[in-house]
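Below is one structure, written out as structure tokens; the observations come after it.
The values are calculated or read from the model by the stated rules, or taken from the named source; none is laboratory data. Remember, it's a predicted structure, so these values are computed and weren't measured experimentally. No Cβ is skipped: glycine too gets one built from the backbone with ideal geometry, and neighbour counts run over all protein chains shown.
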Amino acid sequence: MRALRRTIGGLTGLALLVALSLVLWANLRGRPEDLPWTPLDLGQPIGAFTGGKLTALTRDFPACRALLDQAGVSYAVLPPRRDGDRCGYANGVRLVEDPRTADGNVRRIAFIPAGLRLSCPVAAALAMWEWNVVQPAAQRHFGAQVARIDHLGSYSCRRILGSGATGWSEHSTADAVDIAGFRLSNGTRITIARDWRGDTAKAAFLHDVRDGACTLFATTLSPDYNPAHADHLHLDQAERGSIGWRACR
């Protein structure tokens with residue numbers, strides 16, 4: 001019993017030491033977003049625990065909507081949908097173009113086709129991805145902004161790879177979106193299917209936005225994963241991501 005108490009005491013002390021180290025590290029860097037217990041703010045930079053906090057929104061639709069409102073993302077709430085026993089969603093939103101914050105600043109989430117419908121946690125992660133990853137990468141590689149993002153949709157009542165022998169896809173609950181390409185403010189078009197390979201600025205841009213997505217989404221799959229993803233990036237918020245189990249390929 002004494003040995004057990006010593007072990008528990010040692011573990012408690014270690015946990016306190018780790019927590020104190022995190023606080024000191026975050027304070028020295030001036031980055032409170034790197035702490036696991038600080039509230040999520042979509043308008044702040046990506047922190048060490050941002051991905052897990054975003055995925056945790058799958059359990060709290062009101063909190064997710066409040067974060068979209070706070071960040072100035074324009075959206076409409078979708079009515080709950082149920083298709084059979086395994087498909088549907090209760091936290092769906094439709095993104096609206098040209099959102100503006102209260103001070104008049106535009107935070108654009110413009111997707112083609114327009115009116116993208118998806119789960120709120122994926123919408124929140126897309127907002128942070130665009131502001132923190134996609135737009136900076138476009139400036140870095142092309143000196144331009146991304147004006148539009150081409151997508152292949154979100155909700156689809158199907159299994160992984162469409163096979164009855166596999167588990168259900170995150171698309172079956174609108175917790176995934178497939179990104180096909182980007183249109184820049186200078187007229188440049190970039191597609192996953194055409195530009196992923198090679199030693200070009202377009203390929204470097206696409207790899208940068210894929211790598212950045214890995215910090216925000218539970219699953220990020222690209223053409224490097226398998227031929228089924230040759231023409232898009234699959235981004236999802238599988239709930240396992242809230243405990244740090246993430247897939248990036």
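Details
- Total residues in segment 69-92 satisfying the condition of being within 27 Å of R158 (Cβ to Cβ), surrounded by 15 or more Cβ atoms within 10 Å (Cβ to Cβ) and of a type outside the set (D, E, K, R): the figure is 7.
- Residue check for R183: out of contact with any Lys or Arg (no Cβ under 8 Å at 6 or more places or on another chain), buried (at least 16 other Cβ atoms within 10 Å of the Cβ), touching a residue at least 12 places away in the same chain (Cβ under 8 Å) and not small (G, A, S): no
- Total residues in segment 160-219, condition farther than 26 Å from G88 by Cα, in contact with a strand residue (DSSP E or B) (Cβ under 7 Å, 6 or more places away or on another chain) and not polar (S, T, N, Q): 11
- Leading residue by the ranking (modelled with the lowest pLDDT) among those in segment 227-249 that are of a type in the set (A, V, I, L, M) and assigned to a helix (DSSP H, G or I): I243
- Look at segment 47-71: where a residue is in the same structural domain as W37 (by TED's automatic domain parsing) and a partner is basic (K, R), sitting 6+ places away or on another chain with Cβ atoms under 9 Å, you get G47/R31; G47/K53; A48/R31; G51/R246; G52/R246; T55/R240; T55/R246; A71/R107.
- Of the strands (runs of 3 or more DSSP E) lying entirely inside segment 115-199, the ones with 3 or more residues being touching a His at 6+ places or on another chain (Cβ under 9 Å) and modelled with pLDDT of 95 or more are found at 176-184.
- Flag if F217 is farther than 28 Å from L78 by Cα, in contact (Cβ under 8 Å) with a residue 60 or more places away in the chain, in the same structural domain as R81 (by TED's automatic domain parsing) and of a type outside the set (K, R): no
- Some residue of segment 131-140 being in contact (Cβ under 8 Å) with a residue 12 or more places away in the chain, among the basic types (K, R) and loosely packed, with under 14 Cβ neighbours inside 10 Å: yes
- Selection within segment 157-172 - surrounded by fewer than 18 Cβ atoms within 10 Å (Cβ to Cβ) and either under 19 Å from the mean Cα position of the chain (by Cα) or at positive phi (or both): L161, G162
- With respect to (1) among the acidic types (D, E); (2) in contact (Cβ under 8 Å) with a residue 60 or more places away in the chain; (3) surrounded by fewer than 18 Cβ atoms within 10 Å (Cβ to Cβ), the lone exception for D175 is condition (3).
- Exactly one residue out of D224, D211 is assigned by TED's automatic domain parsing to the domain that holds L57, surrounded by fewer than 19 Cβ atoms within 10 Å (Cβ to Cβ) and part of a helix (DSSP H, G or I), and it is D211.
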